[in-house]
Amino acid sequence: MVNQLDSTLAALADPTRRLVVELLRQRPRAAGYLASTTGVTAPAMSRHLRVLRRSGLVEDRGVDHDARIRMYRLRPEQFEGLDAWLGEVRAFWNEELAAFKTYADRSKETTTR
């Protein structure tokens with residue numbers, strides 16, 4: 001899981017790739033649309049999409065009416081892994097904050113006596 005998480009976080013570290021993910025959240029898109037909307041060249045978008053594909057965050061499929069067009073869509077599995085990891089981190093901090101609150105409440109009680 002750690003290697004996949006590293007790949008996911010590395011792919012999402014780039015702001016252009018995060019923007020691509022935001023656009024793909026709305027619906028599948030063609031690479032040309034993603035390039036023009038994000039303001040990057042077609043070769044640069046191709047490199048960004050390759051990183052996102054290799055990390056497992058997106059997949060591409062051809063369209064029936066034109067084999068030259070590839071449509072890109074999000075794959076939920078990698079986002080579920082990221083969400084699970086973030087859930088573990090949130091749980092850790094919730095436990096730490098709860099323990100601190102308990103400590104602070106006890107300290108307050110002993111000083112008011």
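The values are calculated or read from the model by the stated rules, or taken from the named source; none is laboratory data. What you see is a predicted model, and the numbers here were worked out from it, not measured in a lab. Cβ placement follows ideal geometry from the backbone for every residue including glycine, while neighbour counts extend to all protein chains displayed.
Values for this structure:
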| item | result |
| --- | --- |
| Search result, residues across region 43-74 that are modelled with pLDDT of 95 or more, hydrophobic (A, V, I, L, M, F, W, C) and surrounded by fewer than 16 Cβ atoms within 10 Å (Cβ to Cβ) | A44 |
| Wholly enclosed helices (runs of 4 or more DSSP H) of region 1-104 bearing at least 2 residues touching a residue at least 40 places away in the same chain (Cβ under 8 Å) | 2-12, 15-26, 42-54 |
